[in-house]
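Reading through the structure tokens given below for one structure.
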């Protein structure tokens, strides 16, 4: 049986299987019913591992053990496997969330908070910095930064970045707006991002930029996240953000933002022409 590596890799990611599991499973699918030895040969998996792999697949609901001698295995219909995997993921997710929720108010969380608050006292503000790799991780950290804002949130981004801000940050920005936190967003406004701009206008002041290309977020003039690459040229996986907690640098960039903001066109003016 010849199965392309790209296909196997897609299955591994989609079904959360290791290499041996996906090889044995696809081998069994191609046969319907088979023994461990046959599947080992077809899937190019060591015989010493075949039974362990099949036992794992059986527990996950991918295969069924057929009674009799020799022992054989039956492939479960792929559509049914998808439903079983979805169910397992939901159950695992619910259990994980419950365990975390149960930590609220416990001594464990109190001790963790104590460790953090005591440890942070010994850290210089300039040391509170780091490189964050991957756009998903960047937005996870951005969400945390925005959530903790007390006075202001100033964002400069790209057209596509503006669309992402709606998807990732709008709920938190809505909460800040109700607390009267000043939210300002600068981005190149065009037809592609017009819907996102109109959506964010409900919670933020938005202006259009056309001469400046930058991606950053400043919180309260103290905390800063800036992306070092153009999002049009980098794959999301390789995007990099630099996070810094330093009032000196963040406040300096905030001042430059203020100067540029005065010369930008209001979103209403630009959107009325699109």
- Would you confirm whether any residue within segment 200-221 is assigned by TED's automatic domain parsing to the domain that holds residue 165, in a helix (DSSP H, G or I) and farther than 22 Å from residue 129 by Cβ? yes
- Message: Among the residues in segment 176-183, are any in a helix (DSSP H, G or I), surrounded by 19 or more Cβ atoms within 10 Å (Cβ to Cβ) and at pLDDT 95 or above?
- Response: yes
- Query: Of 55, 80, 5, which residue is under 27 Å from the mean Cα position of the chain (by Cα) and without any contact (Cβ under 8 Å) to a residue 60 or more places away in the chain?
  - Reply: 5
- Query: Which of the residues that make up segment 254-274 are crowded, with 18+ Cβ neighbours inside 10 Å and assigned to a loop (DSSP other than H, G, I, E, B)?
  - Reply: 264
- Note on the structure: Wholly inside segment 32-131, strands (runs of 3 or more DSSP E) that include 3 or more residues that are modelled with pLDDT of 90 or more are 33-35, 72-75
- Please verify whether segment 245-253 includes one or more residues that are surrounded by 14 or more Cβ atoms within 10 Å (Cβ to Cβ), modelled with pLDDT under 90, part of a strand (DSSP E or B) and in contact with a strand residue (DSSP E or B) (Cβ under 7 Å, 6 or more places away or on another chain). yes
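The values are calculated or read from the model by the stated rules, or taken from the named source; none is laboratory data. Owing to the predicted nature of the structure, the values given are computational and were not obtained by experimental measurement. Note that each Cβ is placed from the backbone with ideal geometry, even for glycine, and that neighbours are counted across all protein chains shown.
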